[in-house]
1. Within region 141-164, can one find any residue that is at negative phi and touching a helix residue (DSSP H, G or I) at 6+ places or on another chain (Cβ under 8 Å)?
2. Restricting to region 54-95, name every residue that is in contact with a Cys (Cβ under 9 Å, 6 or more places away or on another chain) and of a type in the set (G, A, S).
3. Could you please let me know if I81 is surrounded by 18 or more Cβ atoms within 10 Å (Cβ to Cβ), farther than 13 Å from T167 by Cα, at pLDDT 95 or above and out of contact with any helix residue (DSSP H, G or I) (no Cβ under 6 Å at 6 or more places or on another chain)?
4. Just the residues that are under 17 Å from G126 (Cβ atoms) and within 15 Å of the chain's Cα centre (by Cα), please, taken from region 138-168.
5. Any residue in region 145-166 that is part of a loop (DSSP other than H, G, I, E, B) sitting within a Cβ distance under 8 Å of a residue that is open to solvent by 30 Å² or more (accessible area, probe 1.4 Å) and of a type in the set (S, T, N, Q)? List the pairs, counting only those 6 or more apart or interchain.
6. Taking the options T74, T56, T51, T47, name whichever one is open to solvent by 90 Å² or more (accessible area, probe 1.4 Å) and modelled with pLDDT of 95 or more.
7. State all residues of region 116-133 that are surrounded by fewer than 18 Cβ atoms within 10 Å (Cβ to Cβ) and assigned to a strand (DSSP E or B); if no residue qualifies, say none.
8. For region 84-110, enumerate the residues that are surrounded by 17 or more Cβ atoms within 10 Å (Cβ to Cβ), out of contact with any Leu (no Cβ under 9 Å at 6 or more places or on another chain) and not in a loop (DSSP other than H, G, I, E, B).
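The values are calculated or read from the model by the stated rules, or taken from the named source; none is laboratory data. Remember, predicted model here, so these are calculated numbers, not experimental data. All Cβ positions, even for glycine, are placed from backbone atoms using ideal geometry, and neighbour counts span all protein chains on display. When the accessible area is computed, the model is the full protein with side chains, heavy atoms only, and any ligands, DNA or RNA have been set aside. Shrake-Rupley method; radii C 1.70, N 1.55, O 1.52, S 1.80 Å.
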Amino acid sequence: MRSTTRSVSRTVASSMVVAALALVGFQAAEQTASAATKKAPSVVTCTTANTTLTVTKVSRPINHLLLKATNTGTKPCYAYIAPYLRAGADAQAPLPWAEETTPQAVVTLKPGQSAYAGITTSAPDGEGGAKEKTLGVFFADRKGNATNKEKTLKLPKAGVFFNSAATVTYWQDNAKDALSW
């Protein structure tokens, strides 16, 4: 009888030790996850308030500009979808987005990193057009709506010709991809 009681006691003791170790491991994992959540910086939407925007004329491909957004904030930011662009002060609608340039994921910019969008200003099959001296830029939010603050950039030289074929790419994480369409 004693050997049976000892055997049962050892089994119960072993089970209790295993359960206690499992509980300690679970609590440690929970604390680690909680600490990681507290330490991880929150990601915000890229806006004109937390980025610097520049636009440059490129030699190749022809009739293209490169828009660059650099995160100047202290937190990472998401460059959602594509920029809303207004070519000239009198533009009635933003340039259309080139749907074929949709990236695999939202571009995330750590502080100091940049996102790029390629702008086709005109094409031979486009209609009408005018030389514009400014480019209005709005960022998109998570739902695809324009954010509320516009940044107006001066276009290179004496202006750039835009016609009905003008489009803009989705945000890309490098300039080469932004200009490769």
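1. Filtering region 141-164 for residues at negative phi gives 141-143, 145-156, 158, 160-164.
From what is left, the residues that are touching a helix residue (DSSP H, G or I) at 6+ places or on another chain (Cβ under 8 Å) are none.
Within region 141-164 (the criterion being at negative phi and touching a helix residue (DSSP H, G or I) at 6+ places or on another chain (Cβ under 8 Å)), the answer is no, since none of the residues qualifies.
2. Here is the first cut: in region 54-95, the residues in contact with a Cys (Cβ under 9 Å, 6 or more places away or on another chain) are 69, 71, 73, 77-80.
Scanning region 54-95 gives A69, G73, A79.
3. For I81, the condition - surrounded by 18 or more Cβ atoms within 10 Å (Cβ to Cβ), farther than 13 Å from T167 by Cα, at pLDDT 95 or above and out of contact with any helix residue (DSSP H, G or I) (no Cβ under 6 Å at 6 or more places or on another chain) - is met.
4. The first filter runs over region 138-168 and keeps only residues under 17 Å from G126 (Cβ atoms), leaving 159-168.
Those that are under 17 Å from G126 (Cβ atoms) and within 15 Å of the chain's Cα centre (by Cα): none in region 138-168.
5. Qualifying pairs under 8 Å: T147/T45; T147/T47; K149/T47; L155/T134; P156/T56.
6. Numbers: T56 fails: open to solvent by 90 Å² or more (accessible area, probe 1.4 Å); T51 fails: open to solvent by 90 Å² or more (accessible area, probe 1.4 Å); T47 fails: open to solvent by 90 Å² or more (accessible area, probe 1.4 Å).
Testing whether each residue is open to solvent by 90 Å² or more (accessible area, probe 1.4 Å) and modelled with pLDDT of 95 or more leaves just T74.
7. Across region 116-133, the qualifying residues are A130, K131.
8. If the condition is that a residue be surrounded by 17 or more Cβ atoms within 10 Å (Cβ to Cβ), out of contact with any Leu (no Cβ under 9 Å at 6 or more places or on another chain) and not in a loop (DSSP other than H, G, I, E, B), then W97, T101, V107, L109 are the ones that fit.
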